[in-house]
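Below: one structure, written as structure tokens.
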Amino acid sequence: MGNLLGSLRFKEPSTVEECDSTWGSDSESEEPAAEDDSGISDSVSPAESDRAAGDTSPQLTDSPESAPKMKRSFYAARDLYKYRHSYPNYKRSRQPNEYRNLRFYLNKIPLVPDGIYIEEILSKWRGDYDKLEHNHTYIQWLFPLREQGLNFYAHELTQDEIKEFQSTREAKRRFLAAYSLMLDFYGIKLLDKSGNVARASNWQERFQHLNESQHNYLRITRILKSLGELGYEAFKAPLVRLFLEESLCHNILPNMQHSALEYYVYTIRLPATRRRLLRYARQHYRPAHAFLWGPPPKRRGGGVGTGGTVGAGSSGIRAPAPTPEQQRREEESTTSSSTRSGIIVSSHDAMMCPDLAGEGPKGYAGLGSNMAGLEGALMLVGARGGRNEYNEVVPL
């Protein structure tokens, strides 16, 4: 009987829709406005409003005919589904757990194959951007995961090692220092212990490099995953929000748009946080009709498909959301006419979507202002029953 139970495997999803139920049964107009556990504020500052009004940079056309047909990556969706669900088919290694990742962070063993200790990296590599760019063996040691990376000398994390790591102050201190080191490499600075981030003084040079050096996008995905594994889930949203803003709003990191939407957002385990970020991204995405990451449109009564929903993560083109004025007219007319067709709005109207009206990026220093509360909530969950956020199975 034991062998039979041990042979049972979790059925993995076979479509993007099965991998991503970020939106669930919620549509953007049905979800309570007060739900904001991402620690992200979307209000527009006066300075940014002025910049937006004076922005005359060329925009991509909103014509559906001119846009290439795109679809979401099943490989990416499945990979991040496994991560968010704590690797449901994970097999415990029969080899003795040597805690090599923890011992590396305690400065007891060097990374392999280079033979470099963590203290040397933290003290001598900061600002050495050529070394951080061209050395490809350190990233798997600095940001370990429960999956194999390109450096086969690096060891995968185990659940026991994660628990031990999270309870070791010295290891956590060095881990945050390593995170700060990589942020500086990308032109970003860590503002506080809640994970808030902002442009660093060297941002122009480093952002230009980051836009052109796209192999770093894979590294950033690993960094985000590792933050979640080692107890810093709350640090993800501020960083992802910054990347969305720089790529979609300011067009400084245009090459990062796809990675930010297809990968970075979906490393976040809380569905409400992902929804918040995706709403923000949709507000600024161009062309608007080509936004592939939700939310599913709300179905109104009296028409074909009443009560139906579009599968979460669908790659089909979604209709722009109605403006408040159009919603009012629709509600007033539903009782007087049963022949009305579906909502048709222009791309300009979509930009004025009610849940996004008045929203936009605050100053970077305000990113994740409520992160401390979110982190505390995660720690509370971890304290009950001895579970930590790294192995929490969220109803995604």
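Our Cα-only numbers for the stretch 120-260 put the radius of gyration and Dmax at 14.7, 43 Å. Note on the stretch 162-211: dipole from Cβ charges, positive end direction compared against Asn211, Leu176, Ala200; the farthest Cα belongs to Leu176. Each of the peptides 114-124, 246-256, 278-288 was scored by the mean count of other Cβ atoms within 10 Å over its residues; in descending order, highest first, they stand as 278-288, 246-256, 114-124. Spin-label model, Asp114/Ser73: points 7 Å from Cα along the beta carbon direction are separated by 2.5 nm. Packing around the peptides 213-220, 184-191, taken as the average count of other Cβ atoms within 10 Å per residue, puts them in this order, highest first: 184-191, 213-220.
Between Ser213 and Asp192, what is the FRET efficiency for a Förster distance of 25 Å, r being their Cβ-Cβ separation, to the nearest 0.05?
Numbers: r = 28 Å, r/R0 = 1.11.
With R0 = 25 Å, the Cβ-Cβ based efficiency is 0.35.
Taken over the Cα atoms of the stretch 75-179, the convex hull encloses 123 Å³ per residue.
Students often get this wrong, so check it: of Lys172/Lys193; Lys71/Lys236; Lys108/Lys225; Lys131/Lys236, which have C-alpha atoms separated by over 19 Å? As for pairs spanning more than 19 Å Cα to Cα, those are Lys71/Lys236; Lys108/Lys225; Lys131/Lys236. Peptide packing: for 103-112, 15-24, the average count of neighbouring Cβ atoms within 10 Å per residue gives the ranking 15-24, 103-112, highest mean first. Selection among Leu224, Ile252, Val240 by position relative to the dipole of the stretch 220-269 gives Leu224 as farthest towards the positive end (Cβ unit charges, Cα centre). If you take all other residues with their beta carbon under 11 Å from the beta carbon of Asp20, and give Lys and Arg +1 and Asp and Glu -1, the sum is +1.
Charged side chains reduced to their Cβ positions (Lys and Arg at +1, Asp and Glu at -1) give the stretch 98-193 a dipole of some 360 debye around its Cα centre. Using only side-chain charges placed at the Cβ, +1 for Lys and Arg and -1 for Asp and Glu, the dipole size of the stretch 144-299 relative to its Cα centre rounds to 760 debye.
Just so you know, all these numbers are worked out from the coordinates, no wet-lab data involved. All figures in this text were calculated on a predicted structure; none of them were measured in a lab. In this analysis, Cβ positions are derived from the backbone assuming ideal geometry, glycine residues included, and neighbour counts consider all displayed protein chains.
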